[in-house]
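The values are calculated or read from the model by the stated rules, or taken from the named source; none is laboratory data. Keep in mind that this is a model prediction, so the values were computed, not measured. Because the Cβ atoms are built from the backbone with ideal geometry, glycine has one as well, and the counts that use them run over all protein chains shown.
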Amino acid sequence: MNPFQYTRSSAASGAIQSLVKEPQAHFLAGGTNLIDLIKMGVLRPERLVDINALPLRGIEAIAGGLRIGALASNSEVADHPLVLQDYPLLAQAINAGASPQLRNMATVGGNIMQRTRCNYFFDTAMPCNKRSPGSGCGALDGYNRMHALFGASEKCIAVNPSDMNVALTALEAVVHVKGPKRDRKIAFSDFHRLPGDHPEKDNTLERTELIISVDLPANSFNRHVHYLKVRDRTSFAFALISVAAALDLEGDKIKGARLAMGGVAHKPWRLHGAEAFLLGKTSGEDVFRQAARIAMQGAKAYKYNQFKLTLAPNAILQALKTASSLG
Amino acid sequence: MKKDKIGDPLSRIDGRLKVTGGAKYSGEYKLPGLTYGVLVSATIPCGTVSSMDIQAAGKAPGVLAVITPFNAPKVPGYQPGAARPVRGLKLFNDDKVYFNGQPIALVVAETFERATYAASLVKATYKAEPFETDFHKNFDKGVIPNEGRYKDYVRGEADAYKKAPVVVEQDYMLPSEMHNPMELHVTTAFWDGDDKVTLYTKSQGVIGSQRSIANAFGLEVANVQINSRFVGGAFGSSLRTWPHEVAAVQAARLVKRPVKLTLTREQMFTLVGYRPLTIQRIGLGATTDGKLMGITHESHSQTAVYEEFTENAVNVSRFLYASPNANTRYKVVPLNVGVPTPMRGPGEATGSFALESALDELSYKLNIDPIELRLKNYTDMDPERNLPWSSKFLKECYQLGAERIGWEKRPTKPGMQRDGDWMVGYGLGCGAFGAYRSKTQVRIKLTPDGSVNIQTATSDIGPGTGTAMTLIAADILGIPAERISFELGNSAFPVAPTQGGSQTVSSVGSAVHDVCIALKQKLNTLAGLPADNTAEIEYATILQRLNLPSLELTQESQSGEEARKYSMYSFSAHFAQVHVHSLTGIVRVKRLVAVVDGGKIVNHKTASSQMIGGAVGGIGMALTEEAIFDDRFGRYVNGNLADYHVPVNADAPDIEAIFIDKPDPIINPIGTKGLGEISLIGVAAAVANAVFNATGKRIRDLPITPDKVLMT
Amino acid sequence: MSKRRNAPPEGKDLLKGSRRDFLKQSSLLSAAALTPGTLIRAANEQWDEKVADAFEKLPLNLEVNGVKYSVNVEPRVTLLDLLREQLNLTGSKKGCDRGQCGACTVHVNGVRINSCLSLALCNEGKKVTTIEGLAKGDVLHPMQEAFIKHDGFQCGYCTSGQIMSAVALVKEGRTQSPGEISEFMSGNICRCGAYSNIVKAIQEVKNSQS
C-alpha cells in the first residue's frame, strides 16, 4: 500500500469536512473493499478517514418501515430479528454474499459502495475506463463471462457485485446521505448509475457525501421471497446471475411482485416489466416463465457471457418457483 | 506396555503444534535484522526490458536495495559454462522477458509495507516482441519433447481403434490449474560470511533445495543449510527450487542481512508452476460385446518457451486395460507462459480424465455397464511392459465401491432419475499411479531413558509423514509412539528423497523399518542374545547395563531388482453421485466413494484424510478450477483466490475412503504403495461421468461450470 | 555509506546507507499540520528516519490474547501484519492478503474477521483473540481437541483460521446441520481438503455443549 494518513472521526460533519479539504481522502468503514483496492494499487489515497466510531450502527423500526444505520455490519443486518421478520429477502441476499468474516466487517454503507469485481478493473496492467478513464475497456473484447447483459456502454460492461444491493433494489430502499451543505434522500434505484460515458462514476453520490442510513419502507413481501444466486462454486463466489424475488400472494393470486437481478448490469437491475406482468396473475410455472421472458427484453450478451441469456430467465423462473413454494 | 501398530489410527504427532499456531512455517522465523523482499513483475509477455527507473524506489523510505537485470550481482550457476548449471529461468541474469508476470526487479526494505510500496514505484520500459500465449491457436506447433521417453509408443498397430465395430473418438480439454497451497511461497535466507548460507524455505525436498542453492552460488553442498520443517501445502509447487528462492539468497548476500521474500498470491499464478492446459484425443475401438481392440491416446499440453515441461499424460492408456493394440503420442506447445510443474496426480490425473471419460462414452454406446466394461478388459499383467503386477486389487475396488455408493440405483439410461428439480446421476472413474521407492538414509538414536529419536531429511507437506514414520518405528521396536520423536525438513539430516510422486512412505518408511530392525539386532547382540531374537527386550536397561550414553545407527535402504521384474502401481476406483439442477446447471457432488489399492495402510486416520483431500482436489478439477488467460495481453484474468475457484467447504460432500489394505509383497518390507496421487486420479472423470448419467450431457472440457451444463 | 539520491540504473552501488542526517527536525516536527502531501514527501524524499517515523507512525493501544500492547504503527499496517511481523504472533496466517481465503481469521471483540483487511489502527482499544490465545495454558480449547481427534487439517496452514472461525461459528449458532456448518465455514479455504473432518470436529463440539 502507498503511505497515507489516518484520522479517526467522531462526528459525521467532521468526516465530511476532511474529504472537502482533501481531494485524495476517503472514508474508511469496514475496509473489506477499500483496503483491497489500495493493496492492488487501484486506489492511492492520501488520507483515510475512519468513520467507524460514528453513531450509525443502529437498526430500528421507524414509522413506516425500518432504518438501518450505514455502519451496521452485514451480519448484524442479516441476523436482526426485524429484518428476518419483515425483510427476509434482505437477510437471504446478504448471507449469499462473501463469507461470514467479511460480512462481519463489511458495513451496509460500504456494501452499497462496493466496486465492481471486473478483473480488468483490478489489474492495473490492463486497460479499464472505470479505473483509468480513457484507457479503454479490457472486458469489451476480452474475457467477459461475468459481465453485463443490460445497460452497458462501449466504455464499460462491468457489473455491480453486491448481493445486498439486489435485495435493496427490490425492496425499494431509500438511502439517506449527508453532504457538506445539505442532507438528501436517494431512491435506491437512482443511487447506482449506468456506465454511459463515465464508468468511473459508479453512483450518484458526491465524493464528499456520506451515507447515513438505509430506510426500508414497510411492505408485504415478507413471506414469499427467495434470493437465488448462481455461481461457480457453492459458496464464497460472485454471482454469475442472482435473482431477488418477492411475491405478495393471496392464495394463488399475485397481489404484488418485486424482482431484481444481480450480475447483469452496472447497477442492481430491477425487473419492472416482469413485475407488472405478474400483477393479478395466478402464480404458476407458465406465468413465471413468461415473466422471465419479459425480463430479458433488451438483453445483449458478449462473447463469453452468451450463456447468461439462458441462465438469467431460468434463474428468474426458479427464484419465483421457490418464492411461491412451487419448488 | 501400550503397543502402537502399523495400521492404527494415530493422531498427528504435530497436531498440537498445528492447532495452537505453534507450528512455524518458513516465513515465521524472527531473525535479527530481518528485511523484506518484494518482487516486481513484468507487464509484457515477451521482449526485453530496455530501461528501468529505480530512483523513486531506491529513495523510498527503508529501502535497502533494488535488484534489477541491470545491476544484479551475477549468480555463478546462471553463467555459461557453469560447473553445475541451474535449470530454468535465470532471474535478473539478463534483460529478456519470457512471460507476463516474470520478475524484473527485487526490492529489499526494512519492512514489508515499505518494500511493497517501493516495488510499486519501480518503472520499466520494454521493447515488446511478438508473443504467443494462445494454446488453441498454436496447437499445431506442438513438438515431441526432447527427452526420449516421450517418443510415440505403439503396441500392435497404431490407430487400430478406427477399424473396430464400435468406436469412440473424442477430444477432452483440461484448463491450467494452480496448486494454490494455502501458504504463500516464501524463502528466508541469510549468509554466514561469503561461503555459507541458511534458508528457511517452502520445500518438498530439502536435499534437492540444498543442491540447487549450492549449484547456483558455487558453494560446497555442506555449506548450504535448508530448513523446511512445516510446509503449508504444496501439491507439487515446491518440488523444485524456483528462481525467486535463488533471488532471495542473492539479495541476502547483497544486503548482508536476512531477507524474507514472500510471493503474493497473484505472483503464485505465474512463478511456481501449475498443471498445464491440455487437449487430449482418445480413440477407443471395441467389439460389440465390449472387448477393446485399440486404444489411441494423444496429448498436447502447454509449456514455456524457456524451459520444457513434460509429464505422463498418455501413459495410463498403455497399461490400464487389456488391448492388443495401443498407441500414444505426446507433444508440448511452447508458449510465453511460466513453466508448469507437476501438480498432485500430475499427468496421470490429466490422462485418466480423458481415458476414463472415453471409456464411459463407450459403455453407453455398447449399452454395457461401465464396471462390466472395465472387467471385460481387465488385465492381470502389465501389457505395456509385459510384466506381472507386484499386486493389483482393482476388481475388489470396483466391487467395494459399487456396494458403497449403491451402484445398482444408477439409471442405465442418462437423465432418468430426478429428485425434485435436481437430476441424479452416478459415475465411475479409475486411476493408476506408479509405486516408487527411492534410496533413503535414516538415523536412529536410542537413549538410556528409553526414548528414540529418528532423523531424516524428508518433508511433510501435509500427509502426516512424521506420524506414519512414528507408527512404523513403534511397531517394529515394540514401544509406544510417545517414546519416539521424529524429525524431518532439515538438510543436515541423512539424505531422503523429495516428497513427491507418492513415494515417501515407501521410501522413508522402508528405511525407518530397516533402521529399527538394525537397532534391535544391535541391541540383541549387545545383550548377548542372538541378533534375530524376537523376544521382548527392555532397551533402556541394556544401555544402562552397558553404561552407554546412547546408541546411534544410520542406515540406508533402497529397492533391489524388483522394479525390473514387476510392474508396481497403486490403483483406485472413484464413485460419484451428483445432483444437477435442471434450470441453473448447478452441479453438486452429493457423495463420493474412493476405493484404493495402495498396499498396506500405515495410519488409517491420516490416510483417510489424504484420500478425502485428494477427492476434494478432484472435485475442483471437475467442477470449479480454471486459470484463464487473456491472450491479448498474455495475462491471467483470474489470478487470485476469489476468481480462481478452489473448492470451499460447501463444495465438499460426504466423502468415504475405503482401503483394500493388502500389503504389496514385492515393493518394500511394509507393503505400501502410495496414496497422494491416486487420491485425485480418476475423480474428475467420475464426476463428469456422473453428470452425463444425470443429464445426458457429455461435457468434455473441464471445469463443468453451470454455463456449460446449460449450454451443452 | 553515503546516501544516494539518483542511483543510475546500472550503478554497482545498490546499497543505501542507513538513514542519515537528522535533519531539520524542529521545524518539521513543529509544523504539525500534517497534510497528506507532507507525509508522502517525508517518505519519498527520504527525510531522516526518525522524522519520517514521526510522520508515518501513530500510536495504537490494543489487547491481544489478554496482553495489552502499546505500539506505534504506520496507518497502512494491517492487523495481520502487526500480529505476525511486529508482535511475533505468527499463528494467524497469510494466504492471500485480500480476504479471499480466511487463513488470517481472528476474533475482534469476539467477532470473527479477516485480519488482512483490517488496518491495525482500526483496532484501537479492542480485544483481539488469535489462535495463540485460545488454549488455557496447557489445556486446549475443545475445538482444538476436536480438530486433532477428527484430523481436521493436514498441512496445518489454514488451521488457525479454521479453528477461529469454527469457535465463532458455534457461538453464532450456525451449526444446525452439516450443510449449515459447511456454508458458514466456506470463508476458510483448505487446499488439503479436510472439510468433512472439520465439519465433524465442529459437530462434536456443538453436541458436547448442548
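Observations on the structure shown:
- Test: residue in segment C:94-103 that is small (Gly, Ala, Ser), in contact (Cβ under 8 Å) with a residue 60 or more places away in the chain, crowded, with 23+ Cβ neighbours inside 10 Å and within 8 Å of chain B (Cβ to nearest Cβ): yes
- Selected residue [among the small types (Gly, Ala, Ser), part of a loop (DSSP other than H, G, I, E, B), away from chain B (no Cβ under 14 Å) and free of Cβ contacts under 8 Å to residues at least 60 places away in the same chain] from A:280, A:256: A:280
- Of the numbered criteria (1) assigned to a helix (DSSP H, G or I); (2) within 17 Å of the chain's Cα centre (by Cα), the one residue B:249 fails is (2).
- Set B:158, B:105, B:115: member being touching a residue at least 40 places away in the same chain (Cβ under 8 Å), surrounded by fewer than 24 Cβ atoms within 10 Å (Cβ to Cβ) and either in the same structural domain as residue B:618 (by TED's automatic domain parsing) or in contact with a strand residue (DSSP E or B) (Cβ under 7 Å, 6 or more places away or on another chain) (or both): B:158
- In the set B:38, B:75, only one residue is over 30 Å from residue C:92 (Cβ atoms), in contact with a helix residue (DSSP H, G or I) (Cβ under 7 Å, 6 or more places away or on another chain) and more than 8 Å from chain C (Cβ to nearest Cβ); that residue is B:75.
- Failed item, numbered, when residue C:124 is tested on (1) surrounded by fewer than 24 Cβ atoms within 10 Å (Cβ to Cβ); (2) touching a residue at least 24 places away in the same chain (Cβ under 8 Å); (3) more than 9 Å from chain A (Cβ to nearest Cβ): (3)
- Qualifying residue in segment B:551-568 (condition: within 30 Å of residue B:687 (Cβ to Cβ) and at pLDDT 95 or above): yes
- Scope segment B:525-544; condition touching a helix residue (DSSP H, G or I) at 6+ places or on another chain (Cβ under 9 Å) and either under 28 Å from residue B:496 (Cα atoms) or part of a helix (DSSP H, G or I) (or both); matching residues: B:526, B:531, B:532, B:539, B:542, B:543
- Taken together, the residues in segment B:560-592 that are surrounded by 24 or more Cβ atoms within 10 Å (Cβ to Cβ), under 25 Å from the mean Cα position of the chain (by Cα) and either within 13 Å of another protein chain (Cβ to nearest Cβ) or at positive phi (or both) amount to 2.
- Checked against the criterion of being surrounded by fewer than 24 Cβ atoms within 10 Å (Cβ to Cβ), under 20 Å from the mean Cα position of the chain (by Cα), at the interface with chain A (Cβ under 10 Å from one of its Cβ atoms) and not polar (S, T, N, Q), the candidates C:108, C:167 yield just one match: C:108.
- Checklist (1) part of a helix (DSSP H, G or I); (2) under 20 Å from residue B:277 (Cβ atoms) applied to residue B:639, failing item: (1)
- From the options A:214, A:225, A:177, residue that is in a strand (DSSP E or B), β-branched (Val, Ile, Thr) and touching an Asp or Glu at 6+ places or on another chain (Cβ under 9 Å): A:177
- Unique match (being at pLDDT below 95 and out of contact with any Cys (no Cβ under 8 Å at 6 or more places or on another chain)) among B:519, B:488, B:529: B:529
- For segment A:216-234, filtering for residues that are of a type outside the set (Lys, Arg) and free of Cβ contacts under 8 Å to residues at least 24 places away in the same chain leaves 2.
- Any chance residue B:235 is in a loop (DSSP other than H, G, I, E, B) and among the aromatic types (Phe, Trp, Tyr): yes
- Matching residues in segment B:638-673 - criterion: being closer than 18 Å to residue B:173 by Cβ and within 7 Å of another protein chain (Cβ to nearest Cβ): B:638, B:645
- Residue ID - nearest to the other protein chains (Cβ to nearest Cβ), chosen from residues in segment C:172-190 that are assigned to a loop (DSSP other than H, G, I, E, B) and either surrounded by fewer than 24 Cβ atoms within 10 Å (Cβ to Cβ) or over 25 Å from the mean Cα position of the chain (by Cα) (or both): C:174
- Within segment B:498-537, the set of residues being hydroxyl-bearing (Ser, Thr, Tyr), farther than 17 Å from residue B:557 by Cβ and touching a residue at least 60 places away in the same chain (Cβ under 8 Å) comprises just one member, B:502.
- Residue satisfying condition, being at the interface with another protein chain (Cβ under 9 Å from one of its Cβ atoms), under 24 Å from the mean Cα position of the chain (by Cα) and modelled with pLDDT under 95, within set C:56, C:45: C:56
- Top-ranked residue of segment A:73-101 - restricted to ones that are at the interface with chain C (Cβ under 9 Å from one of its Cβ atoms) and touching a Phe, Trp or Tyr at 6+ places or on another chain (Cβ under 9 Å), ranked as farthest from residue C:169 (Cα to Cα): A:98
- Criterion: more than 7 Å from chain B (Cβ to nearest Cβ), touching an Asp or Glu at 6+ places or on another chain (Cβ under 8 Å), surrounded by fewer than 24 Cβ atoms within 10 Å (Cβ to Cβ) and farther than 24 Å from residue A:35 by Cβ - qualifying residue of C:150, C:141: C:150
- Every pair of residues 6+ apart whose Cβ atoms lie under 8 Å, when the first sits in segment A:14-33 and is farther than 15 Å from residue A:52 by Cβ while the second is of a type in the set (Val, Ile, Thr): A:16/A:208; A:19/A:49; A:19/A:208; A:20/A:208; A:22/C:35; A:25/A:49
- Within segment B:13-28, restricting attention to residues that are more than 7 Å from every other protein chain (Cβ to nearest Cβ) and under 22 Å from the mean Cα position of the chain (by Cα), the residue that is surrounded by the fewest Cβ atoms within 10 Å (Cβ to Cβ) is B:14.
- Strands (runs of 3 or more DSSP E) wholly inside segment B:47-124 that include at least 2 residues being hydroxyl-bearing (Ser, Thr, Tyr) and more than 28 Å from residue B:30 (Cβ to Cβ): B:47-53
- Selection of segment A:1-52 for residues being closer than 28 Å to residue B:109 by Cα and aliphatic (A, V, I, L, M) yields A:1, A:25, A:28, A:34, A:35, A:37, A:38, A:40, A:42, A:43, A:48, A:49.
- Filter result for residue B:655 (surrounded by 24 or more Cβ atoms within 10 Å (Cβ to Cβ), more than 25 Å from residue C:182 (Cβ to Cβ) and not hydroxyl-bearing (Ser, Thr, Tyr)): no
- Here A:142, A:196, A:138 are screened, and the one residue that is touching an Asp or Glu at 6+ places or on another chain (Cβ under 6 Å), in a loop (DSSP other than H, G, I, E, B) and over 30 Å from residue A:100 (Cβ atoms) is A:142.
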